[in-house]
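The next block holds one structure in the form of structure tokens; read it before the comments.
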Amino acid sequence: MRAGTGAGRRRGLATARLLGAALLTGGAVLGGGGAYAAPSPSPSGHATGHDDGRGGKGDGHGDRHGDDRTASPGASSPAAKPAAGSGTPAGTPAGKPAGVTGSAAPATARKPGPPPAGLVLQPADGAAVGIPTAAGLRQALAAALTDKSLGTVTFAVADATSGQILYGAGENTPATPASTTKLATSLAALTLIPGDTRITTRVVAGASPSDITLVGGGDPTLTALSADQVQIDGAPADTDTAPASLEALATRTAAALKAAGTGTVRLGYDVSLYTGSPQHADYDATNIPLMTPLMVDEAKADPRSREEAPARVADPAGQAAEQFAALLRTHGITVDGKAKQTAAAAPAGSAVLAEVTSPTVARLVERLLTTSDNTLAEAVARQVALAAHKPAGFDGAAAAVTETLAGLGVRSAGLVLHDGSGLHAGNTIPPAVLVQLLGLASSPDHPELRPVLTGLPVAGFTGTLGKRYGAGSGAAEAAGLVRAKTGTRSGVNTLAGTVVDADGRLLSFAVMTRTTAPADTARAAMDRIVARLAACGCH
């Protein structure tokens, strides 16, 4: 069995491979909160580590630190072997969660997606391309898999057309997913919630003309910045990705109040949408704030911060309400006293004075995946809980995601979720389940799931893979051909996504490691594994 193709055939396939890369990157979105997690001590004093990407330090908002209090099941790596695959059952549509609205036009109508699942580009001679074999993959990957910096490694490689696992080692062994958990959250969200749905923040009238209430709808991207100051992953926001504006909400509210002859108000704020404790089990006030349905600029103390782990405000909802009150004052409305949290939810049917809406759920999913945004992932997970009629807290969201995946036919063995972001040390997902999630997102039966693919970072170009697969990495030939979700905790590194191989075939993969090697070293070794897939025909 050969590990690749001949030089002549490679030249004949060059155009096809570049076309494949261009198609795969066509729907990419530069997105995220602009903050990247850096190693920092946890409240308990354990060493910390984060997702890869930005200068080797963080993966967007990154995965929160992880210590080794919970060992990854399966301490040793079984011998690599071919594994049985599974199909991709059809999903079950569901309704729209509370607190969200539909957009005027579907998100998918505005942004091109990836090629159809299983697209096989033809070589120059027009001959059909075969599926890689286990023997061919074994030969291609053998050297890369022996890198000692990987430590214990489990993996799966699948054909994206059928979802069939072609080759793997420990592919059914539960492992710590870190931020690849966000694949599960995103898939569940797009299954239950129409992609063109938008999250609404509104101001409603109270019991008297002088009482108004700011109602949090669960949009952490609501911004107090002016449009020219908003950046997403370091780039200006476009019309599809621009967040809702607190200033616009204040302008509209002030206009409605003046039209009604009201110049002085008492401001309350409603955070009843979420339930349970707002504090994540691994809360450190940097990688994630207290999760409330009302916050501005993801509760960053400095909304313009590009720090890897920005300081978060202590009271996200209270701070957002005070910022809103200050904006009302600039528009000539007197706000009497401080804003106060309401004791109960705003009554159903309360007159809406003004509202603003987030980007579509499809765009939010792309954003949270591209930059591994923990805060946005947890907010989207709560929208899944609401759509599934479960409590909108950490537990309810995890249960809703798990049940939604089960409804899609995703294997339940080894799948354990405690949150939507991957910060929790107790999450486990086997590599085979990760490639099954990617297979569902690639399936022509599930076009609604395509933003899971278009949101994956592109090797060497976007998000948390923007500074990987570069010159001297040993993986540079795969730049532009790999789209993958990264994940890192202390001693844990994961990578799951898709790659265009030497024959132009789309493969899905998941590589999960537990190692004592430095994170940058382990990540580079993982990238070389995937680069071998890109260079391989493997028949």
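The values are calculated or read from the model by the stated rules, or taken from the named source; none is laboratory data. Bear in mind the structure is a predicted one, so any value in this text is a computation, not a measurement. Quick reminder, even Gly has a Cβ in these numbers, built from the backbone with ideal geometry, and neighbours come from all protein chains shown. For the accessible areas, the whole protein counts, side chains as well, though only heavy atoms, and no ligand, DNA or RNA atoms are used. Shrake-Rupley method; radii C 1.70, N 1.55, O 1.52, S 1.80 Å.
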Please count how many residues of the range 147-189 are within 19 Å of ALA425 (Cα to Cα) and under 21 Å from the mean Cα position of the chain (by Cα). 12
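Kindly state which strands (runs of 3 or more DSSP E) lie completely within the range 461-539 and contain at least 1 residues that are at negative phi and in contact with a His (Cβ under 8 Å, 6 or more places away or on another chain).
On the way: elements: 482-489, 492-500, 506-514.
Filter on the range 461-539 gives 482-489.
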So which pairs qualify, if the first residue must be in the range 308-329 and farther than 13 Å from GLY268 by Cα, the second must be of a type in the set (D, E, K, R) and open to solvent by less than 50 Å² (accessible area, probe 1.4 Å), the Cβ gap must be under 6 Å, and the two must be at least 6 apart or on different chains? PRO310/LYS300
Scan of the range 221-242 for residues that are under 15 Å from ARG306 (Cβ atoms) and in a helix (DSSP H, G or I), ordered by number: GLN229
Failed criterion for VAL433 (all others in (1) part of a strand (DSSP E or B); (2) over 17 Å from LEU141 (Cα atoms) hold): (1)
Pick from PRO316, PRO243: which is under 19 Å from the mean Cα position of the chain (by Cα), crowded, with 22+ Cβ neighbours inside 10 Å and modelled with pLDDT of 95 or more? PRO243
Closer than 21 Å to LEU434 by Cα, basic (Lys, Arg), modelled with pLDDT of 95 or more and more than 24 Å from the chain's Cα centre (by Cα): is that true of ARG532 in this structure? yes
Could you run through the range 160-187 and say how many residues are surrounded by fewer than 24 Cβ atoms within 10 Å (Cβ to Cβ) and modelled with pLDDT of 95 or more? 5
Could you check, for the range 488-501, whether at least one of its residues is free of Cβ contacts under 8 Å to residues at least 60 places away in the same chain, closer than 22 Å to ARG363 by Cα, crowded, with 24+ Cβ neighbours inside 10 Å and small (Gly, Ala, Ser)? yes
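Against the definition (out of contact with any strand residue (DSSP E or B) (no Cβ under 8 Å at 6 or more places or on another chain) and buried (at least 24 other Cβ atoms within 10 Å of the Cβ)), how does GLY439 come out, yes or no? Don't jump to the end; show me each part of the working.
Working: out of contact with any strand residue (DSSP E or B) (no Cβ under 8 Å at 6 or more places or on another chain): no; buried (at least 24 other Cβ atoms within 10 Å of the Cβ): yes.
Here the answer is no, as GLY439 does not meet what is asked.
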Applying the selection to the range 383-425, what residues are in contact with a helix residue (DSSP H, G or I) (Cβ under 7 Å, 6 or more places away or on another chain), among the charged types (D, E, K, R) and either over 18 Å from LEU183 (Cβ atoms) or surrounded by fewer than 19 Cβ atoms within 10 Å (Cβ to Cβ) (or both)? LYS390, ARG411
I'd like the residue in the range 265-286 that is open to solvent by less than 30 Å² (accessible area, probe 1.4 Å) and not in a loop (DSSP other than H, G, I, E, B) and, out of all such residues, is farthest from ASP373 (Cα to Cα). VAL265
Taking the range 379-414 only, how many residues are touching a residue at least 24 places away in the same chain (Cβ under 8 Å) and part of a loop (DSSP other than H, G, I, E, B)? 10
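Just a yes or no: is a residue in the range 445-463 in contact (Cβ under 8 Å) with a residue 12 or more places away in the chain, open to solvent by less than 20 Å² (accessible area, probe 1.4 Å), out of contact with any helix residue (DSSP H, G or I) (no Cβ under 9 Å at 6 or more places or on another chain) and among the hydrophobic types (A, V, I, L, M, F, W, C)?
Of the residues in the range 445-463, the ones in contact (Cβ under 8 Å) with a residue 12 or more places away in the chain are 445-463.
Retained after the next criterion (residues that are open to solvent by less than 20 Å² (accessible area, probe 1.4 Å)): 446, 449, 451-459, 462-463.
Still in the running and out of contact with any helix residue (DSSP H, G or I) (no Cβ under 9 Å at 6 or more places or on another chain): none.
Taking every residue of the range 445-463 in turn, none turns out to be in contact (Cβ under 8 Å) with a residue 12 or more places away in the chain, open to solvent by less than 20 Å² (accessible area, probe 1.4 Å), out of contact with any helix residue (DSSP H, G or I) (no Cβ under 9 Å at 6 or more places or on another chain) and among the hydrophobic types (A, V, I, L, M, F, W, C).
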With respect to ALA397, determine if the residue is small (Gly, Ala, Ser) and touching a Gly at 6+ places or on another chain (Cβ under 7 Å). yes
For THR428: the one exception among (1) under 30 Å from VAL204 (Cα atoms); (2) open to solvent by 10 Å² or more (accessible area, probe 1.4 Å); (3) of a type in the set (Ser, Thr, Tyr): (1)
Given (1) touching a strand residue (DSSP E or B) at 6+ places or on another chain (Cβ under 9 Å); (2) of a type outside the set (Lys, Arg); (3) surrounded by 19 or more Cβ atoms within 10 Å (Cβ to Cβ); (4) more than 16 Å from SER372 (Cα to Cα), number of the condition PRO289 does not satisfy: (4)
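Residues GLU378, GLU403, GLU366: which one is over 13 Å from the mean Cα position of the chain (by Cα), at negative phi and not hydroxyl-bearing (Ser, Thr, Tyr)? Spell out how you get there, then give the answer.
Working: GLU378 fails: over 13 Å from the mean Cα position of the chain (by Cα); GLU366 fails: over 13 Å from the mean Cα position of the chain (by Cα).
So the residue among GLU378, GLU403, GLU366 that is over 13 Å from the mean Cα position of the chain (by Cα), at negative phi and not hydroxyl-bearing (Ser, Thr, Tyr) is GLU403.
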Yes or no: the range 195-207 includes at least one residue that is open to solvent by less than 10 Å² (accessible area, probe 1.4 Å), of a type outside the set (A, V, I, L, M) and part of a loop (DSSP other than H, G, I, E, B). no
Could you run through the range 292-313 and say how many residues are of a type in the set (D, E, K, R), part of a loop (DSSP other than H, G, I, E, B) and crowded, with 20+ Cβ neighbours inside 10 Å? 1
Criterion first (open to solvent by 30 Å² or more (accessible area, probe 1.4 Å) and either more than 30 Å from ALA398 (Cα to Cα) or in contact (Cβ under 8 Å) with a residue 12 or more places away in the chain (or both)) does THR221 satisfy it? no
